[in-house]
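Below is one structure; the comments refer to it alone.
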Amino acid sequence: MRILAIESSCDETAAAVIEDGRKIISSVIATQVDEHKLYGGVVPEIASRRHCESINGVVSEALERAEMKLNELDALAVTYAPGLIGALLVGVNFAKGLSLSTGLPLIPVHHLRSHIAANYLAHPELEPPFLCLVVSGGHSHIVEVKSYTEMRVIGRTRDDAAGEAFDKAARTMGMPYPGGIHLDKAAELGNEESYKLPRPKVSGSKYDFSFSGLKTAVINLIHNAKQKGEEINVNDLSASFRKAVVDSLTDNFIGAAGNMGYDKLVLAGGVSANSLLRRRVWEETEKRGWRCYYPTLELCGDNGAMVGAQAYYEYKAGRIADMMLNAAATKNIELAFNEV
Ligand code: KG4
Ligand code: ZN
């Protein structure tokens, strides 16, 4: 089954042709990062406009690279939630138009489910059930993936997402948007024991996270140093900050897996590209004789291929939309597109 998948939830316009949920036939990504960089973060109105301008070309190129025509496809898929509403609407309306004109079934895909599915492209042997840490710019969840389409969130951030925390700390240290990758690179050169930063615990749910205190600690540390005329060692502070975030993510993730009896652990989302997170989860799972999976670096960030991968399984579960499909800025990962 060949699916043409479209993604436009944030600042990447992407399209891909995927076979049977596992094989990438083509994948095209047009990023807007350089433009948003000027403002230090994504400007929603600009994002929507750039999606409008790029989507036709990106979809055409995905078909061209796959050497396929629309009538050789079996279905269309699109990210419908969560994300920037104006950005999502561009993809959803484009996909609805294509579906109407071709008669192809339209499969709505939840953005975080697609991040998880990036792992199906990278690891042909991977099948649910497993426990997944989904860490992106907007979300940090520990998700029980019971089947391809049944999920349960057992831990989440109470405030900032991990990616957001990385980006804000990086910005305070003068790095360009999106700062996560720059902070990660600087951290590789620093000493993680140099600066003492808090390890926030959240009362109530034992697998929940909190990163805003950590972010404030870094901002205060930099301001205090400036006032005293002291130099900050950016590599050392990056390393200390990265360790604090990764400690918190890894402790909860490994703890949850141990308590719940999962021995298959999966990382997903933009922050799963973080080199320390990948190393730490790998080491902790090795130690226990568990298995650990994460996407290849190209598949960690937003792309159309992961949407096509998840769409295959949503289709098999009968989750097909009609022309009433709407985009949603927020949506619980546990719900099907037509559940509230
Ligand atoms: O999943 P994603 O591409 O977009 C969303 O759905 O939000 O995630 C983007 C986030 C950004 O916050 C970015 O800084 C972060 O992932 N990120 C990283 C790294 N690479 C990307 N964070 C830490 N270390 C990295 N190597
Ligand atoms: Zn994403």
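The values are calculated or read from the model by the stated rules, or taken from the named source; none is laboratory data. Nothing here was measured: the structure is a model prediction, and the numbers come from that model. Don't worry about glycine lacking a Cβ; one is built from the backbone with ideal geometry, like all the others, and counts go over all protein chains shown. Ligands, DNA and RNA are stripped out before the accessible areas are found, and what is left, the full protein with its side chains, is counted by its heavy atoms. Shrake-Rupley method; radii C 1.70, N 1.55, O 1.52, S 1.80 Å.
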(request) Test SER114 against the criterion of being in contact (Cβ under 8 Å) with a residue 40 or more places away in the chain and among the polar types (S, T, N, Q), and give yes or no. (result) yes
(request) For the stretch 255-307, enumerate the residues that are surrounded by fewer than 21 Cβ atoms within 10 Å (Cβ to Cβ), touching a Ser or Thr at 6+ places or on another chain (Cβ under 7 Å) and more than 17 Å from VAL134 (Cβ to Cβ). (result) GLU284, ARG291
(request) Determine, yes or no, whether ILE142 is of a type in the set (Val, Ile, Thr), open to solvent by 20 Å² or more (accessible area, probe 1.4 Å) and in contact (Cβ under 8 Å) with a residue 12 or more places away in the chain. (result) no
(request) Residue by residue through the stretch 253-277, note down the ones that are in a strand (DSSP E or B) and either β-branched (Val, Ile, Thr) or not assigned by TED's automatic domain parsing to the domain that holds GLY155 (or both). (result) VAL266
(message) One residue is enough: does the stretch 156-170 have a residue meeting the conditions more than 16 Å from ligand 2 (Cβ to nearest atom), under 17 Å from the mean Cα position of the chain (by Cα) and open to solvent by less than 20 Å² (accessible area, probe 1.4 Å)?
(response) no
(request) May I ask you to verify whether SER54 is among the hydroxyl-bearing types (Ser, Thr, Tyr), crowded, with 17+ Cβ neighbours inside 10 Å, in a strand (DSSP E or B) and more than 14 Å from ligand 2 (Cβ to nearest atom)? (result) no
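Here is a yes/no grid of residues against (1) within 16 Å of ligand 2 (Cβ to nearest atom); (2) among the hydroxyl-bearing types (Ser, Thr, Tyr); (3) under 30 Å from HIS51 (Cβ atoms):
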site	(1), (2), (3)
ALA256	no, no, no
SER272	yes, yes, yes
ARG279	no, no, no
THR285	no, yes, no
GLY289	no, no, no
MET306	yes, no, yes
GLU314	no, no, yes
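For the stretch 7-45, what are the residues that are in a strand (DSSP E or B) and within 14 Å of ligand 2 (Cβ to nearest atom)?
The initial filter retains those residues of the stretch 7-45 that are in a strand (DSSP E or B), namely 7, 12-19, 23-31.
GLU7, GLU12, THR13, ALA14, ILE29, THR31, listed by residue number.
Taking the stated definitions as given, is LEU104 more than 14 Å from ligand 1 (Cβ to nearest atom), modelled with pLDDT of 95 or more and assigned to a loop (DSSP other than H, G, I, E, B)? Talk me through it step by step, then tell me what you get.
Numbers: more than 14 Å from ligand 1 (Cβ to nearest atom): yes; modelled with pLDDT of 95 or more: yes; assigned to a loop (DSSP other than H, G, I, E, B): yes.
Spelling it out, LEU104 is indeed more than 14 Å from ligand 1 (Cβ to nearest atom), modelled with pLDDT of 95 or more and assigned to a loop (DSSP other than H, G, I, E, B).
Inspect all residues belonging to the stretch 315-322 and state whether any of them is more than 13 Å from ligand 1 (Cβ to nearest atom), of a type in the set (D, E, K, R), within 18 Å of the chain's Cα centre (by Cα) and in a loop (DSSP other than H, G, I, E, B).
Within the stretch 315-322, the first condition is being more than 13 Å from ligand 1 (Cβ to nearest atom), and the residues that meet it are 315-322.
Then keep just the ones that are of a type in the set (D, E, K, R); that gives 316, 319, 322.
In the following step, the residues that additionally are within 18 Å of the chain's Cα centre (by Cα) were identified as none.
No, the stretch 315-322 has no match at all.
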